[in-house]
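The next block holds one structure in the form of structure tokens; read it before the comments.
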Amino acid sequence: MDQERIYRKEIQGQALHPESMMMSYGYDPHLSEGAIKCPIFQTSTFVFHSAEEGKSFFEVAHGLREKGPSEVLGLIYSRFNNPDMEILEDRLKLWDEADESAVFASGMAAINTAFMSLLKPGDYIFHSEPLYGGTEYLIQHILPKFGIHSIGFPSRTGGAEAEKILLESGHKDDVAMIYLETPANPTNFLVDIELCSKLAQKYSTDKRKILLAVDNTFLGPVWQQPMRFGADVVIYSATKYIGGHSDVIAGVCSGKAEPMKAIRSMRSFTGNMIGPWTGWLLLRSLETLKIRMTAQMKTARYIADFLANHPQVEKVYYPGLLSEDDPQFSIYRKQCLSPGAMISFDVVGGEKGAFKFLNSLKLAHLAVSLGGTETLVEHPAAMTHSDIPPAERVKMGISDSMIRLSVGLEHADDLIADLKQALAAM
């Protein structure tokens, strides 16, 4: 099969959509006995045709020389590359229109590798708050041991206010990365990616380029593409929507060529890549990604409307309910293609009321994680964000009354019936 067919992006001048390319892009069935689906390459190492070929492959893998214009990195060893991993990365970069993608053993492995490859001692991260609890812990408690520090700003802060916080910190000349999570976990607060990109450009110098990295797990890659608004690196917990079946742990970094080169090199020598089985499962999941996320989003809109009108619910945090006079509305309309399927809401009665609600559910599952085919609910203050000091949680908008709901593929009427009876039990 010719390379043009394997990597086809258009037919007679019409650009193909990512969901179409998820079925075949980057894979030649004739190299695998005609198998329509990519096999699982359960091997640690690959045989070279010659010593000269092995030398050539390692020169590229170890950065001893640059690849030629039409040269591809040959298969060496599954820590460097594996067909399941390579085809998956080829397809993942299509969604974000990225130069390169790299997949990891977990979302936290992707985040940590991005930090450790792109930052050095003395650097500062300027980041939105709140962040996922694991990311928050990494930034606050682990990176400082390596001389990397941080400055936080509230997610709902506008560009001028964020810049003021940066200037008042006294470390504007030390910032090497702006790191965003939008929508924020678990509040669904939005951060203006384009404004943060302009902020990064404003304070970059010839000697120090400030990179913009975005955790796009809640909406992406289907409903938000941060690189269109200036992001250099986009990060996912592929455990969530990309995997979509609550049966894999994985992470992704996609982005521009230069930062991705550093990230991929770090992965090669820290060894935190995925295995072939995980790669194969994610290839399977990519084929249904858009249809799953579309169905989940449609159900979430019905549920958000139901919750917004229930007397036992004090407030609903969902982009689809933003009013036009809310400053967040313009951000939503600019950078989001849909409100997604993550809903957070405050119930009456604080933690006691929230726990009573959670313990009364019959269809939705009380479990952390998100983006799976089943509906999941959790209590952020007591679970995913419990390692954040209580006073900080309150400042971030995470109350003891908050519930986080990840809408699955169940029928909307059944989920609403379950939520209704659990709210009544309070």
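Could you tell me whether any residue of region 139-159 is in contact (Cβ under 8 Å) with a residue 12 or more places away in the chain, of a type outside the set (Gly, Ala, Ser) and over 29 Å from LEU370 (Cβ atoms)?
Yes.
Can you tell me how many residues within region 311-347 are buried (at least 16 other Cβ atoms within 10 Å of the Cβ) and touching a residue at least 40 places away in the same chain (Cβ under 8 Å)?
20
Can you name every one of the helices (runs of 4 or more DSSP H) wholly within region 1-106 that holds 3 or more residues which are closer than 25 Å to ARG228 by Cβ?
18-21, 83-96
Looking only at residues that are of a type in the set (Lys, Arg) and over 24 Å from TYR132 (Cβ atoms) in region 64-110, which one is modelled with the lowest pLDDT?
The qualifying residue modelled with the lowest pLDDT is LYS67.
More than 14 Å from the chain's Cα centre (by Cα) and buried (at least 19 other Cβ atoms within 10 Å of the Cβ): does that describe VAL248? Before you say what the answer is, go through the steps one by one.
Working: more than 14 Å from the chain's Cα centre (by Cα): yes; buried (at least 19 other Cβ atoms within 10 Å of the Cβ): yes.
For VAL248, the condition - more than 14 Å from the chain's Cα centre (by Cα) and buried (at least 19 other Cβ atoms within 10 Å of the Cβ) - is met.
Just checking: which of the helices (runs of 4 or more DSSP H) contained wholly in region 313-426 hold 3 or more residues that are modelled with pLDDT of 95 or more and either assigned by TED's automatic domain parsing to the domain that holds GLU129 or acidic (Asp, Glu) (or both)?
412-425
How many residues does region 34-69 hold that are surrounded by fewer than 16 Cβ atoms within 10 Å (Cβ to Cβ) and in contact with a Lys or Arg (Cβ under 6 Å, 6 or more places away or on another chain)?
Qualifying residue count, region 34-69: 1.
Of the residues ALA213, ALA200, only one is more than 30 Å from VAL347 (Cβ to Cβ) and surrounded by 23 or more Cβ atoms within 10 Å (Cβ to Cβ); which? It would help to see each step written out before you state the result.
Values: ALA200 fails: surrounded by 23 or more Cβ atoms within 10 Å (Cβ to Cβ).
Of the residues listed, the single one that is more than 30 Å from VAL347 (Cβ to Cβ) and surrounded by 23 or more Cβ atoms within 10 Å (Cβ to Cβ) is ALA213.
Under 6 Å between Cβ atoms, which residue pairs at least 6 apart in sequence (or on different chains) link something in region 195-206 that is touching a residue at least 40 places away in the same chain (Cβ under 8 Å) and of a type in the set (Phe, Trp, Tyr) with a partner that is surrounded by fewer than 14 Cβ atoms within 10 Å (Cβ to Cβ) and outside any helix (DSSP H, G or I)?
Hits for this filter: zero, empty list.
Within region 163-186, take every residue that is of a type in the set (A, V, I, L, M, F, W, C) and crowded, with 21+ Cβ neighbours inside 10 Å and give me the one that is nearest to PHE345 (Cα to Cα).
Per the criteria, the residue is ALA184.
The values are calculated or read from the model by the stated rules, or taken from the named source; none is laboratory data. This one's a predicted model, so the numbers in the text were calculated from it and none came from an experiment. We place every Cβ from the backbone using ideal geometry, glycine too, and count neighbours over all the protein chains shown.
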